[in-house]
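The structure appears below as structure tokens.
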Amino acid sequence: MPARVKRPKDRHDSPSNTAALGRPLLTAAPDPAGEKGICLRATRDVRAGDAVLVEVPLLGTAAPSAAYRDRLRKFCAALAKAARNKASSLLPLLAERWLPVLRCFAEASTEVRDKVLGLQTEFANPDCEMAKAVAVLAQVLQRSGIFAGAREDSEQDKGKDELAAGGVELREEVIAGVLSAMIINAADTMPDGSEALFYMGALIEHSCDPSTSFCVYQAEDADASRGVGHLAGNAWVGEWRATQDISAGTPVTFSYLEPARLKQDVNQRREIINKRMGFVCQCRRCKLESCEVNNQAGYKQESSVPIDFAEMD
């Protein structure tokens with residue numbers, strides 16, 4: 001869950017030094033070396049403390065009602081009871097978090113649905129447990145009929161307490177795509193329990209030595225320079241703020257890991273990222289630390305023993 005803050009005033013005087021809604025200090029550029037194939041680069045020199053991106057969610061759920069949470073828990077309990085292997089044991093956890101998002105997606109506009117599915121939806125490691133669990137859950141949800149869509153002979157407006165969604169029918173491959181997009185692109189749980197996917201924020205590459213930090217706040221707490229005064233007071237706003245000076249043209253990064261996780265060693269960080277998101281982190285910090293680990297391991301070997309460095313990665 002991102003940090004919730006009451007918007008502090010900018011440390012710099014001019015509003016032009018910082019981003020506002022609809023006025024990011026970032027632009028998209030190809031990044032063949034990155035996991036997403038695209039990155040966001042700073043459009044000008046940015047000083048530590050400047051906001052580089054202010055954004056409202058592309059897709060955001062409402063805080064779930066008590067009745068909905070109860071139905072969801074029962075559905076997830078049934079999934080847990082039927083679990084037979086490691087992949088299916090993840091199903092209740094994924095369903096509990098992402099069913100409300102799938103419902104929101106089914107009832108969203110065509111433009112929003114197209115944007116969500118336009119994000120990365122393929123795991124870097126298609127054989128990871130998370131990818132397998134997504135495939136199984138998509139099949140289960142499609143067969144359940146929860147996302148069969150609104151029918152002419154039924155109520156178009158599904159009650160907010162019901163698991164079944166209105167809107168369009170979601171096929172198995174679409175369900176899998178939405179689940180993958182939310183997991184791979186680091187969707188966030190808001191402080192009130194709702195979920196949110198920020199579109200430009202989803203394009204920021206991960207790094208274990210990030211150049212930005214992420215926080216959320218409600219529009220009523222925003223500084224006037226953020227340009228969100230027209231939003232409802234309780235609307236969530238995401239902000240990415242530079243943690244160091246960033247030169248124009250430099251890719252901006254953000255950590256998918258919590259601060260406590262960033263203090264762990266490279267193998268621990270890579271393990272948790274791979275389990276959660278299905279890729280092995282290749283950020284500059286991980287590469288450097290991995291080399292140090294390999295060098296230390298090699299130093300302890302007898303010189304007559306061949307070293308297979310590939311096995312040490």
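Name the pairs whose Cβ atoms lie under 9 Å apart, with the first residue in the stretch 169-182 and closer than 12 Å to Phe105 by Cβ, the second basic (Lys, Arg) and surrounded by fewer than 21 Cβ atoms within 10 Å (Cβ to Cβ), and 6 or more positions between them or separate chains?
If the second residue must be basic (Lys, Arg) and surrounded by fewer than 21 Cβ atoms within 10 Å (Cβ to Cβ), the pairs left are Val174/Arg113; Val178/Arg113; Met182/Arg97.
Among residues belonging to the stretch 208-235 that are part of a strand (DSSP E or B), open to solvent by less than 30 Å² (accessible area, probe 1.4 Å) and out of contact with any helix residue (DSSP H, G or I) (no Cβ under 8 Å at 6 or more places or on another chain), point out the one that is nearest to Ser290 (Cα to Cα).
Of the stretch 208-235, the ones part of a strand (DSSP E or B) are 212-218.
Checking the rest, the ones that are also open to solvent by less than 30 Å² (accessible area, probe 1.4 Å) come to 212, 214-218.
Now narrow it down to the ones that are out of contact with any helix residue (DSSP H, G or I) (no Cβ under 8 Å at 6 or more places or on another chain): 212, 215-218.
Details: Thr212: 23, Cys215: 30, Val216: 33, Tyr217: 36, Gln218: 40 Å.
Taking the candidates together, the pick is Thr212.
The rows are residues; the columns are (1) open to solvent by 20 Å² or more (accessible area, probe 1.4 Å); (2) closer than 21 Å to Cys283 by Cβ; (3) touching a Pro at 6+ places or on another chain (Cβ under 6 Å); (4) at pLDDT 95 or above.
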residue: Gly167; (1), (2), (3), (4): yes, no, no, no
residue: Glu173; (1), (2), (3), (4): yes, no, no, yes
residue: Leu179; (1), (2), (3), (4): no, no, no, yes
residue: Asp188; (1), (2), (3), (4): yes, yes, yes, no
residue: Asp192; (1), (2), (3), (4): yes, no, no, no
residue: Tyr199; (1), (2), (3), (4): yes, no, no, yes
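Restricting attention to the stretch 62-115, which residues are in contact (Cβ under 8 Å) with a residue 40 or more places away in the chain and among the β-branched types (Val, Ile, Thr)?
Val101, Val112, listed by residue number.
Which of (1) modelled with pLDDT of 90 or more; (2) on the phi < 0 side of the Ramachandran plot is the odd one out, the single condition Asp157 does not satisfy?
With (1) modelled with pLDDT of 90 or more; (2) on the phi < 0 side of the Ramachandran plot applied to Asp157, the lone miss is (1).
Being part of a helix (DSSP H, G or I) and open to solvent by 50 Å² or more (accessible area, probe 1.4 Å) is the filter here, so list the residues in the stretch 275-287 that pass it. Can you show your working first?
Within the stretch 275-287, the subset part of a helix (DSSP H, G or I) is 275-277, 284-287.
Answer for the stretch 275-287, where residues must be part of a helix (DSSP H, G or I) and open to solvent by 50 Å² or more (accessible area, probe 1.4 Å): Lys275, Arg276, Arg284, Arg285, Lys287.
Going through Val116, Val140, Val136 one at a time, which residue ends up being at pLDDT 95 or above and in a helix (DSSP H, G or I)?
Result of the check over Val116, Val140, Val136: Val116.
With the structure loaded, tell me whether Ser109 is small (Gly, Ala, Ser), open to solvent by 30 Å² or more (accessible area, probe 1.4 Å) and modelled with pLDDT of 95 or more or whether it fails that test.
Details: small (Gly, Ala, Ser): yes; open to solvent by 30 Å² or more (accessible area, probe 1.4 Å): yes; modelled with pLDDT of 95 or more: yes.
So Ser109 passes the test.
Identify, from the list Ala67, Ala48, Ala29, Ala77, the residue that is more than 21 Å from the chain's Cα centre (by Cα), exposed (fewer than 14 other Cβ atoms within 10 Å of the Cβ) and not in a helix (DSSP H, G or I). Break it down stepwise before answering.
Details: Ala67 fails: not in a helix (DSSP H, G or I); Ala29 fails: more than 21 Å from the chain's Cα centre (by Cα); Ala77 fails: not in a helix (DSSP H, G or I).
The conditions single out Ala48.
Go through the stretch 1-26 and report how many residues are surrounded by fewer than 15 Cβ atoms within 10 Å (Cβ to Cβ), in a loop (DSSP other than H, G, I, E, B) and at pLDDT below 70.
Result for the stretch 1-26: 9.
Assess whether Lys300 counts as being modelled with pLDDT of 50 or more and basic (Lys, Arg). Working first, answer last.
Values: modelled with pLDDT of 50 or more: no; basic (Lys, Arg): yes.
Taking the combined requirement at face value, the residue does not satisfy it.
Output yes when any residue across the stretch 239-254 is buried (at least 21 other Cβ atoms within 10 Å of the Cβ), among the hydroxyl-bearing types (Ser, Thr, Tyr) and out of contact with any strand residue (DSSP E or B) (no Cβ under 6 Å at 6 or more places or on another chain), and no when none is.
Within the stretch 239-254, none of the residues are buried (at least 21 other Cβ atoms within 10 Å of the Cβ), among the hydroxyl-bearing types (Ser, Thr, Tyr) and out of contact with any strand residue (DSSP E or B) (no Cβ under 6 Å at 6 or more places or on another chain).
Out of all the residues in the stretch 236-261, which are within 16 Å of Ala186 (Cα to Cα), assigned to a loop (DSSP other than H, G, I, E, B) and in contact (Cβ under 8 Å) with a residue 24 or more places away in the chain?
The answer is Val252, Ser255, Tyr256, Leu257.
The values are calculated or read from the model by the stated rules, or taken from the named source; none is laboratory data. What you see is a predicted model, and the numbers here were worked out from it, not measured in a lab. Counting neighbours? That spans all protein chains shown, and the Cβs are built from the backbone with ideal geometry, glycine included. What goes into the accessible areas is simple: the full protein's heavy atoms, side chains included, and nothing from ligands, DNA or RNA. Shrake-Rupley method; radii C 1.70, N 1.55, O 1.52, S 1.80 Å.
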